[in-house]
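What follows is a single structure, written as structure tokens, with notes after it.
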Amino acid sequence: MPVPSSNAASVKKSSNVQKAPGAKPTKTASKKKDEEEGVENGDGWDEWSHGKALTKPADQLELTETELKEEITRILTANNPHAPQNIVRYSFKERSYKPISVVDQMAVHFVLEGSLLHQDSDEARRLRAKEGLAEETAKVDAGAEPDEEKPETPATPVEDGGEVEEAGEEDRPDSVASKTDKKEPKVTNQFNFSERASQTLNNPLRERTCQTEPPPRSIFSATANQWEIYDVYVEELHKQEKNKEKLKAAPSKKDGERSKKRMMLTETQSDDITKVAKATKIFERMVNQNTFDDIAQDFKYFEDASDEFRDQEGTLLPLWKFQYDKAKRLSVTALCWNQKYQDLFAVGMGSYDFNKQGRGMLVFYSLKNSAFPEYIYATSSSVLCLDIHEQHSYLVAVGFYNGCVAVFNLKEEGLDSVYKSTAKTGKHTDPVWQVRWQNDDMDNNHNFYSVSSDGRVVSWTLVKNELVFTDIIRLSLNGAVPEGPEGTQQPSIACGTSFDFHKQIDYLFLVGTEEGKIHKCSKTYSSQFLETYNAHSMAVDAVKWNHFHPKVFISCSSDWTVKIWDHTINTPMFTFDLNAAVGDVAWSPYSSTVFAAVTTDGTVHVFDLNINKYEAICQQPVVSKKKTKLTHVEFNPIYPIVIVGDDRGYVTSLKLSPNLRKKPKAKKGQELPKGPEVEVAKMEKLLSLLREPEQSTV
């Protein structure tokens, strides 16, 4: 397609433009050109008319007639020889790199984007209207330039609008009158035209990309045949028939009912609903965490700022309250934290009242879910004490009001204990008040100790499927009872109420009695006490060794007092009167001088002997009803909280304010020493102040 020249583009769009005489030389020139071309054509025809002779090059290959007639087929393909054949891409479906079979074979040799418009198209009409070139102006312009002749060209825009303008200006250098009379509308530039407007910088684009790991995929395939479907239906029908038969059978005893319920539970555990048990537990924890979000925030971050203005006193912030509807009428008789999972603790439920003895309960709560227990074990007798094994945290030793001891395994399915003492295996004849796990014996068998009102301290060893007992010591009012035929005369028995083993010296332990005495005993000497302390005027409710100092222990009693002892001295080092019967006392795990006690008037007392040796730095009632009695208290191993149990079955968690866990301030330029030695030195400093006057008088 011939492209019109730039001069032709300036001609006005009109079909009857007057031709000027000045255009004749161009016509004559074109005629001459045609004549020359015709001459050349004629010469070429003469050459073709002559016969042609074949000329062979000297080195041409000589071929026979058969070789010349042989057809050689060549197949032309559209494959690009330069296209790569080894492209690989990552397949998320198969999670590996896979080669790509389809490769783009198209090769682009030349691309030209044209700007020519057809004269009858809508866009060409719009451009003509925009240029506003009417026929009259075309005639006037042609009359003003009589010496130049414009060839007739279609009124189509050419490739460059800028060239159109330049050509128009070059063609009309002398047409000043037309410019002054009427301004010609300017042709818009199709390439870099911009209207008069302010241009602003565009904001830089931002790309946010994130790369995630593909979700784990697993291919599962199975075939379901008719006989497999039939077998499943048959099994289900057998189960339903068994359940119907058991329901029809009349229950003879309560034990029979319980065993049937257990059987029913084990059979129905294969249902699909048990498969989502873990997911539902996680959802339950999430819902509870959202419900009690303010308490969780307080537990994690809240520090009572008002402690700065209280000098040395502190406060307790109530957090979660744990309760189980089926254990409302039972008292909290034991508390114990799990040393491995520090958010989990065990609660023993029962009754201290002789006239209200009946069922008991062992319940496990987690700080992550205060609404419902993690584990529930119903017992036939009241639970009075429990202890969780430090290394094997799934083993829990429990003592009952009826004299039995048992071991529960949280890993085992079922609602019963895995070990339990009976009359044949040497169970206690009176309530068991305390149990404590000890280190494994020489044969790596787990063992624990128990103390009871029958005056026996017994060691229980877990051997295969039974509990093997060994009497360590028998308590009496006059002293330890020797074993053997010599001790045929029955002495007056001392009732043991609490005991605790030394943290460093393995064989040493303390036993508190109903008479108010504390006996220091040894596992190796069963015939006598190492020491006897006239501690209290009523029953010793708790006796506990200090976590840090090897000589110090604490005791509490219903005679309203808490006493701190040095086991090398017969008299107490500190005595505190709390104006109510003291239910329990506990040393803190973070300081050798901090301990907490609970009283029957519903008050928690927190002492720090390093700050105040005479009175508690916190006395706070934590129960709503006046008649509610607090029974037990326990510090968390790592978090600054305590849990408190009462006689209505509630367990309340409380956060210690900063003043109750204050550490000594460091001097300028000195770092605070850390470790158990610092805590031992802190307690030793207090004891030395009390020992010096005694030593001077001796």
Please list, ordered by chain and number, the residues whose modelled amide H lies under 5 Å from the amide H of residue 583; skip anything fewer than 5 residues away on the same chain.
598, 599, 600
Rounded to whole Å, √(5λ) for the Cα gyration tensor eigenvalues of the range 290-438, largest first, gives 33, 17, 16
Per residue of the range 594-607, what does 6.51 cos²θ - 1.76 cosθ + 1.60 with θ = phi - 60° give for ³J(HN,Hα)? Whole Hz please, x for Gly and Pro, Karplus curve as stated.
9, 8, 10, 9, 10, 10, 6, 8, x, 10, 9, 10, 10, 10
The base-10 log of I(q)/I(0) that the Debye equation returns for the range 423-462 at q = 0.22, 0.33 Å⁻¹, one scatterer per C-alpha, is -0.70, -1.10
Backbone N under 17 Å from the residue 376 label point (7 Å along Cα→Cβ), restricted to the range 310-344:
322-332
Backbone N within the range 536-578 under 12 Å of label point (7 Å from residue 619 Cα along the Cβ vector):
577-578
Taking H as built 1.01 Å from N, whose amide H comes closer than 5 Å to the amide H of residue 498, not counting residues under 5 places away?
512
Report the gain in length on full extension from residue 72 to residue 274: 0.36 nm times residue separation, minus Cα-Cα distance, nm rounded to one decimal.
65.0 nm
Separation between Cα centres of the range 582-596 and the range 200-252, rounded to whole Å:
50 Å
May I have the pair-distance distribution P(r) for the range 562-622, computed from all Cα-Cα distances with 10 Å bins from 0 and rounded to whole percent?
22, 54, 23, 2
Quick one: Karplus J couplings for the range 496-510, per residue in order, coefficients 6.51, -1.76, 1.60, θ = phi - 60°, nearest Hz, x for Gly and Pro?
x, 10, 7, 7, 7, 9, 5, 6, 9, 8, 5, 7, 8, 8, 10
Report the convex hull volume per residue for the range 292-373, counting only C-alpha atoms, in Å³.
143 Å³
Which value in nm describes the separation of the simple spin-label points at residue 538 and residue 306, placed 7 Å from the Cα toward the beta carbon?
3.3 nm
FRET efficiency (residue 423, residue 477; Cβ distance; R0 25 Å; to 0.05) is 0.45
With a 10 Å radius around each residue's Cβ, average the other Cβ atoms per peptide and rank 371-378, 494-501, highest first.
494-501, 371-378
Check which residues have an amide H placed less than 5 Å from residue 574's amide H, if you skip close sequence neighbours.
564
Greater than 26 Å apart at Cα, pairs in 356/427; 411/503; 420/563
411/503; 420/563
Within the P(r) computed for the range 371-420, what percentage of the Cα pairs occupies the region above 16 Å?
39 percent
Could you order peptides 356-363, 464-471, 398-405 by the average number of other Cβ atoms within 10 Å of their residues, highest first?
398-405, 356-363, 464-471
Lys, Arg +1 and Asp, Glu -1 on Cβ, resulting dipole of the range 273-377 about Cα centre, debye, nearest 20
1060 debye
Could you rank the peptides 276-284, 579-587, 607-615, 219-227 by their average count of other C-beta atoms within 10 Å per residue, with the highest value first?
579-587, 607-615, 276-284, 219-227
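Computed from the coordinates by the stated procedures, all read-outs in this text should not be read as laboratory data. For clarity, every value in this text was computed on a predicted model and none was experimentally measured. With ideal geometry, Cβ positions are generated from the backbone for all residues, glycine too; neighbour counts draw on all protein chains shown.
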